[in-house]
Amino acid sequence: MGKFVFGPVPSRRLGFSLGVDVIPSKYCSFDCIYCQIGKTTNKEIIRRSFFDPQEVVKEVIEEVSISKHVDYITFSGSGEPTLNSDIGLMIRELKRKVDIPISVITNGSLLFMKDVRNDLIMADVVLPSLDAVSDDIFRYINRPHSLIDIDAIINGLKDFRKAYQGNVWLEIMLVKDVNDDVEELKKFKNIIDYLNVDKVQLNTVIRPPGEEITGRLGKTELEKICEFFGSKCETICTFEKTVTKGEKEDWAEMVLDILKRRSLSLDDIVKITGLPFQKAKDTLCIMENEGKIKSFHFGESMFYVMN
Ligand code: SF4
């Protein structure tokens, strides 16, 4: 795999998503308690050009030409992608050269800046997150840069929605006993109506968190909250698509490349590679014995991370 591109990764929201990672690990404006990538080492809000944008675009085009199943090209990865000041240029170039929709997964914290809003305008889908509407809960979950406050984020989301013609799918990561109490949910409902997004997608911690202080909600709890939020709301906890068996010969390398950026469950790996369950499990076991990866149980699933 390349320097910037990883996957396609099975995404609960975007099908097979070819990830484009334009941020060095780990530059982010947040340091969320549930982050899969690890602790934020560079908490920043200053945007900059991290890499040659033409090199990134070239690599995406090459990877698209050899990957048969790509539903979305997705800017995401090792930190907050809008910190890269070339993201608008890269999206525009890809829109001209590739006929695959482009999505951006962002924590939404920089949308109060006009240049960030302009940079995302050509994307087909923007997936911002909003984990709290009360300042104290926001600070607890997202541990933001000191110059960011929740009102600025909500106003930035509102301004973006007004200017942007594409789809906005707002993700709310619910953490048990942190942002799921009735008062916070009522405030969320008001803000959701105010923001006028196309979808609200409820998530909970279902992958192994970097820290042991986060908790997941049960299916029934999520469904109740979903009903309370109304018809635009859905939960995003399953993934159905699979790839053709044997499509990726170099699947071990591909899996390692994804594991550098996020954890994967055994089921995810079976879906990405198209391998039979037992063969995938046996090979992962060999990779673990070689010291390349580590496995552990979380909830009902077996997960893998880089060693
Ligand atoms: S915004 Fe995303 S990358 Fe940044 S700390 Fe939170 S989960 Fe991690």
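Looking at segment 279-301, which of the residues that are of a type in the set (Val, Ile, Thr) and over 24 Å from the mean Cα position of the chain (by Cα) is surrounded by the fewest Cβ atoms within 10 Å (Cβ to Cβ)? So that I can check it myself, show each step before the final result.
So the first thing to find is which residues in segment 279-301 are of a type in the set (Val, Ile, Thr), and the list is 283, 286, 293.
Next, only the ones that are over 24 Å from the mean Cα position of the chain (by Cα) stay: 283, 286.
Numbers: THR283: 16, ILE286: 11.
The qualifying residue surrounded by the fewest Cβ atoms within 10 Å (Cβ to Cβ) is ILE286.
So GLY108 fits all but one of (1) in a loop (DSSP other than H, G, I, E, B); (2) modelled with pLDDT of 95 or more; (3) away from the ligand (no atom under 16 Å from the Cβ); what number is the exception?
With respect to (1) in a loop (DSSP other than H, G, I, E, B); (2) modelled with pLDDT of 95 or more; (3) away from the ligand (no atom under 16 Å from the Cβ), GLY108 is out only on (3).
Does segment 63-76 contain any residue that is within 15 Å of the ligand (Cβ to nearest atom), part of a loop (DSSP other than H, G, I, E, B) and closer than 25 Å to SER263 by Cα? Write out each step before concluding.
Pass one, segment 63-76, residues within 15 Å of the ligand (Cβ to nearest atom): 74-76.
Restricting the remaining residues to those that are part of a loop (DSSP other than H, G, I, E, B) gives 76.
Next, from what is left, pick out any that are closer than 25 Å to SER263 by Cα: 76.
Looking for residues that are within 15 Å of the ligand (Cβ to nearest atom), part of a loop (DSSP other than H, G, I, E, B) and closer than 25 Å to SER263 by Cα, one finds at least one in segment 63-76, hence yes.
Condition check ((1) on the phi < 0 side of the Ramachandran plot; (2) buried (at least 19 other Cβ atoms within 10 Å of the Cβ); (3) at pLDDT 95 or above) across all residues:
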{"residue": "ILE153", "(1), (2), (3)": "yes, yes, yes"}
{"residue": "GLY156", "(1), (2), (3)": "yes, yes, yes"}
{"residue": "LYS162", "(1), (2), (3)": "yes, no, yes"}
{"residue": "ILE172", "(1), (2), (3)": "yes, yes, yes"}
{"residue": "LEU185", "(1), (2), (3)": "yes, no, yes"}
{"residue": "PRO208", "(1), (2), (3)": "yes, yes, no"}
{"residue": "GLU211", "(1), (2), (3)": "yes, no, no"}
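Please state which of the following conditions LYS245 fails to meet, knowing it meets all the rest: (1) exposed (fewer than 13 other Cβ atoms within 10 Å of the Cβ); (2) at pLDDT 80 or above.
The number of the failed condition is (2).
Given the structure, is LYS58 basic (Lys, Arg) and within 16 Å of the ligand (Cβ to nearest atom)?
On the way: basic (Lys, Arg): yes; within 16 Å of the ligand (Cβ to nearest atom): no.
Judged against the criteria, LYS58 is not a match.
Quick one: count up the residues across segment 111-138 that are away from the ligand (no atom under 16 Å from the Cβ), of a type in the set (D, E, K, R) and assigned to a loop (DSSP other than H, G, I, E, B).
1
Within segment 32-54, track down each residue that is within 23 Å of VAL168 (Cα to Cα) and modelled with pLDDT of 95 or more.
Scanning segment 32-54 gives ILE45, ARG47.
Report, by residue number, each residue of segment 23-49 that is more than 7 Å from the ligand (Cβ to nearest atom), surrounded by 17 or more Cβ atoms within 10 Å (Cβ to Cβ) and assigned to a strand (DSSP E or B).
Matches in segment 23-49: TYR27, LYS43.
The values are calculated or read from the model by the stated rules, or taken from the named source; none is laboratory data. Only a predicted model underlies this, so the values are computations on that prediction, with no experimental measurement involved. Cβ atoms come from the backbone with ideal geometry, glycine included; neighbour counts cover every protein chain shown.
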